[in-house]
Amino acid sequence: MPAKFTVSPVGAFSDNYIWVLHHGGRAVVVDPGEAAPAIAFLQREGLQLEAILITHHHADHIGGVAELLTRWPQAAVYGPADIAAVNHPVMEGASVELSFGTATVLEVPGHTLNHLAYLIAGALFCGDTLFGAGCGRLFEGTPRQMHDSLSKLAALPDATKVYPAHEYTLSNLHFALTVDPGNPVLAIRMSRDQKLREQNLPTLPSTMSLERASNPFLRADAPAVRQAAAHWSGQPLHDVVEVFAALREWKNRF
């Protein structure tokens, strides 16, 4: 494996990121919801598409796959087995061999039941499971499933770079500050990320250490977060999953 590869954000729709990993003229695209911006980037940089990594089946993550394959028909498509475009189905613990490294597959159900994440050389591509200061909605899974998935990701090393699929950080920080206003990390993060967005720059990647310190959905066991969730729900919350469920419902209505 080379010492490093580059990860470039390619904007799609209003707030999606298509992450492009590239090194030595070869590229891997993560969650191409639309083809045109990905194709433009690959052609501008003179890159050959070798693989596509899919985290889950929502249209804003897979909508560009077919057109990419018309231009690069030899590209391998890795992802959940029930997605038609996937020609290399993978599951928990699988290794995806790329020209510039090996990606490990993690199953992280919650947002969808078949959601995957990919970890390669300390970079985590987590789709709609973990966001900057937030997490995905529970469209298919249960609060326990999502809490367990987030706990699995939170156990990764501090320096792990976190690459979610959406630019939701500022709205998530507004919610986090409502839940946990006494957390000094949140104020610092909000100031920094507001400046980035004013320059039209991504707030991502984050790091796992930053998420553990500031993301309320990874802090459901923190007394301040638990108290805020119980106050909002108007009832005692007896365990960390109940706290997480209350936080997620609160965010849904925020």
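Taken together, the values in this text are just the output of simple stated rules run on the coordinates, not laboratory data. Please read all numbers here as calculations on a predicted model, not as lab measurements. Positions of Cβ are generated from backbone atoms using ideal geometry, with glycine treated the same way; all protein chains shown enter the neighbour counts.
Peptides 142-149, 163-170, 38-45 ranked from most to least packed, by the mean per-residue count of other Cβ atoms within 10 Å: 163-170, 142-149, 38-45.
Under 5 Å between amide hydrogens, built in the peptide plane, is the criterion, and for residue 94 it picks out 105 among residues at least 5 positions away or on other chains.
Stretching residue 59 away from residue 97 to a fully extended chain increases their span by 11.1 nm, per 0.36 nm per residue minus the current alpha-carbon distance. Identify which of 197, 189, 226 has the largest mean-square fluctuation in a Gaussian network model of the chain, with springs joining Cα atoms closer than 10 Å. Maximum fluctuation in the GNM of the chain, among the listed residues, is at 197.
Please determine, in degrees from 0 to 90 and to the nearest 10, the orientation of helix 240-253 with respect to the longest principal axis defined by the Cα atoms of the chain, where the helix direction is its Cα long axis. It works out to around 80 degrees. Averaging the Cα positions of each part gives two centres, and for segment 138-196 and segment 29-107 these lie 25 Å apart. Within the straight-line cut-off of under 24 Å between alpha carbons, the lysines reachable from residue 152 are 161, 251, sequence neighbours fewer than 8 places apart in one chain being disregarded.
Taking the DSSP bridge list for the chain and keeping only pairs wholly inside it, about 65 percent are antiparallel. How much of the DSSP bridge set in segment 46-144 is antiparallel, in percent, rounded to the nearest 5? About 70 percent, rounded to the nearest 5. For residue 253 and residue 194, the difference between the fully extended length at 0.36 nm per residue and the C-alpha to C-alpha distance is 19.0 nm. For residue 26 and residue 222, a Förster radius of 51 Å and the Cβ-Cβ distance give a FRET efficiency of 0.75, rounded to the nearest 0.05.
[x] 51, 20, 14; [y] 28, 20, 18; [z] 32, 19, 16: which one is semi-axes √(5λ) of the Cα gyration tensor in Å as calculated from this entry? Recomputing semi-axes √(5λ) of the Cα gyration tensor in Å here gives the entry labelled [z].
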